[in-house]
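Take a look at the structure set out below.
The values are calculated or read from the model by the stated rules, or taken from the named source; none is laboratory data. Since this is a predicted model, take the numbers as computed values, not measurements. Here the Cβ is made from the backbone with ideal geometry for all residues, glycine too, and neighbour counts use every protein chain on show. Accessible surface is based on the protein model in full, side chains and every heavy atom, while ligands, DNA and RNA are left aside. Shrake-Rupley method; radii C 1.70, N 1.55, O 1.52, S 1.80 Å.
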Amino acid sequence: GAVVSQHPSRVICKSGTSVKIECRSLDFQATTMFWYRQFPKQSLMLMATSNEGSKATYEQGVEKDKFLINHASLTLSTLTVTSAHPEDSSFYICSAGTGKVYEQYFGPGTRLTVT
Amino acid sequence: AQSVTQPDIHITVSEGASLELRCNYSYGATPYLFWYVQSPGQGLQLLLKYFSGDTLVQGIKGFEAEFKRSQSSFNLRKPSVHWSDAAEYFCAVVRYGQNFVFGPGTRLSVLP
């Protein structure tokens, strides 16, 4: 149980375009979803937290207009990178929480490359 | 500031040797503690977690970790390393009302 999927696993886009990444909890309802960013050989950094039906809460330094997060249902959250630039190239990982502070289940990640 | 440290950036061990990866945290109260493993290009896999109770916790793949309150540590151990254990290991903590905080990671290389 507690499986989280991400789609796509890899995506290459051209600079200036937008790309959407989906995060789904497959066998449970996620009251909260989290989006992390991981640069090569670095740790995970939390970008934002989203609750179903409400606006996401962004961490300091994360541009909310660039990284649009939608949490439309208890099983789906999307991250849209708008007007992508090469510096947005990174590994994006989502996690889904059940409401218990210590229960987060991580997705397999999405490798974004902006050319 | 609250933080999680993993003093070793990179560790190399021979296959069959024992392993210990260090993790320290700087929180006033004991947080929830986790160890995750990440293979290249992959997501995170939970190895084990500690919430309370017995300070020695067993995880998957033969890993164990020991919580030491006096040292604010949660070190990960394995008695005999396999080549497939080569990966990046992250210690993480979470406190009530707050989000996960990850350590910088330790990269494990295994020599044949």
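Check A:ASP27 against each of (1) under 21 Å from B:TYR36 (Cβ atoms); (2) open to solvent by 50 Å² or more (accessible area, probe 1.4 Å); (3) within 14 Å of chain B (Cβ to nearest Cβ) and name the one condition it does not meet. With (1) under 21 Å from B:TYR36 (Cβ atoms); (2) open to solvent by 50 Å² or more (accessible area, probe 1.4 Å); (3) within 14 Å of chain B (Cβ to nearest Cβ) applied to A:ASP27, the lone miss is (3). For the stretch A:30-39, the set of residues classified as open to solvent by less than 10 Å² (accessible area, probe 1.4 Å) and closer than 24 Å to B:PRO104 by Cα consists of A:MET33, A:TRP35, A:TYR36, listed by residue number.
Kindly indicate the residue of the stretch A:98-110 that is more than 8 Å from chain B (Cβ to nearest Cβ) and more than 13 Å from the chain's Cα centre (by Cα) and also farthest from B:ARG95 (Cα to Cα) among those meeting that condition. Ranking the qualifying residues of the stretch A:98-110, first place goes to A:THR98. Checked against the criterion of being of a type in the set (D, E, K, R) and without any contact (Cβ under 8 Å) to a residue 12 or more places away in the chain, the stretch A:1-22 has no qualifying residue. For B:ARG95, indicate whether it is out of contact with any Ser or Thr (no Cβ under 8 Å at 6 or more places or on another chain) and open to solvent by 30 Å² or more (accessible area, probe 1.4 Å). It is true that B:ARG95 is out of contact with any Ser or Thr (no Cβ under 8 Å at 6 or more places or on another chain) and open to solvent by 30 Å² or more (accessible area, probe 1.4 Å).
For the stretch B:31-58, residues that are crowded, with 18+ Cβ neighbours inside 10 Å and more than 10 Å from the chain's Cα centre (by Cα) total 7.
Counting only strands (runs of 3 or more DSSP E) that sit wholly inside the stretch A:60-115, those with at least 1 residues that are in contact with a Lys or Arg (Cβ under 9 Å, 6 or more places away or on another chain) are A:67-73, A:76-81, A:90-97, A:110-114. Checked against (1) in contact with a Ser or Thr (Cβ under 7 Å, 6 or more places away or on another chain); (2) over 19 Å from B:ASN99 (Cα atoms); (3) not acidic (Asp, Glu), B:ASN24 passes all but condition (2). So which of A:THR57, A:THR75, A:THR113 ends up being of a type outside the set (Asp, Glu), touching a Ser or Thr at 6+ places or on another chain (Cβ under 6 Å), within 13 Å of chain B (Cβ to nearest Cβ) and within 24 Å of B:VAL101 (Cα to Cα)? Exactly one residue qualifies, and that residue is A:THR57. Applying the criterion of at least 2 residues that are without any contact (Cβ under 8 Å) to a residue 40 or more places away in the chain, touching a strand residue (DSSP E or B) at 6+ places or on another chain (Cβ under 6 Å) and more than 14 Å from chain A (Cβ to nearest Cβ) to the strands (runs of 3 or more DSSP E) found wholly in chain B leaves B:56-58, B:64-68.
Going through (1) open to solvent by 30 Å² or more (accessible area, probe 1.4 Å); (2) outside any strand (DSSP E or B); (3) more than 10 Å from chain B (Cβ to nearest Cβ) one by one, A:GLN42 falls short only on (3).
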